[in-house]
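Engineer: Below you will find the structure I want to go over with you.
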Amino acid sequence: MGETRRRFDPEFRAGAVRIVRETGKSIAQIAKDLGINAGTLANWVQMDRLAREQNADSGELAGSEREELARLRKQRAEWAKERAELEMERDVLKRSVVLWVKEATGR
């Protein structure tokens with residue numbers, strides 16, 4: 001009798017590929033640790049590389065890049081608001097100093 005093929009869900013595949021990309025360990029070592037065939041993991045890594053290249057060529061952002069962009073845009077808006085408040089406080093202080101100097105010099 002022949003063997004039945006194991007099926008791996010997309011989350012498992014993505015996690016295995018992420019481990020390869022982030023740890024710097026060999027595909028063979030990671031495949032052994034996960035209990036899968038090294039050729040299978042190598043295919044998943046290759047498909048991920050091709051998908052990333054296509055996304056980079058088409059100008060599309062990956063999910064993590066979209067999340068980071070949203071976070072940075074939110075942070076930029078917060079900084080702009082804080083900057084506006086600081087500029088307003090600076091202007092008020094400048095006017096206060098001018099008035100104080102005028103009073104001190106008797107003008």
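The values are calculated or read from the model by the stated rules, or taken from the named source; none is laboratory data. Note that the coordinates shown come from a computational prediction; the quantities given were computed from them, not determined experimentally. We place every Cβ from the backbone using ideal geometry, glycine too, and count neighbours over all the protein chains shown.
Engineer: Would you confirm whether any residue within the stretch 34-48 is surrounded by 13 or more Cβ atoms within 10 Å (Cβ to Cβ), touching a residue at least 24 places away in the same chain (Cβ under 8 Å) and not in a helix (DSSP H, G or I)?
Structural biologist: Yes: one or more hits.
Engineer: A follow-up question, please. Against the condition of a type in the set (Asp, Glu) and part of a helix (DSSP H, G or I), how does residue 22 come out, does it pass? Steps first, answer last, please.
Structural biologist: Working: of a type in the set (Asp, Glu): yes; part of a helix (DSSP H, G or I): yes.
For residue 22, the condition - of a type in the set (Asp, Glu) and part of a helix (DSSP H, G or I) - is met.
Residue by residue, here is whether (1) touching an Asp or Glu at 6+ places or on another chain (Cβ under 8 Å); (2) modelled with pLDDT of 95 or more; (3) surrounded by 10 or more Cβ atoms within 10 Å (Cβ to Cβ); (4) assigned to a helix (DSSP H, G or I) holds:
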position	(1), (2), (3), (4)
56	no, no, yes, yes
70	no, no, yes, yes
88	no, yes, yes, yes
103	no, no, no, yes
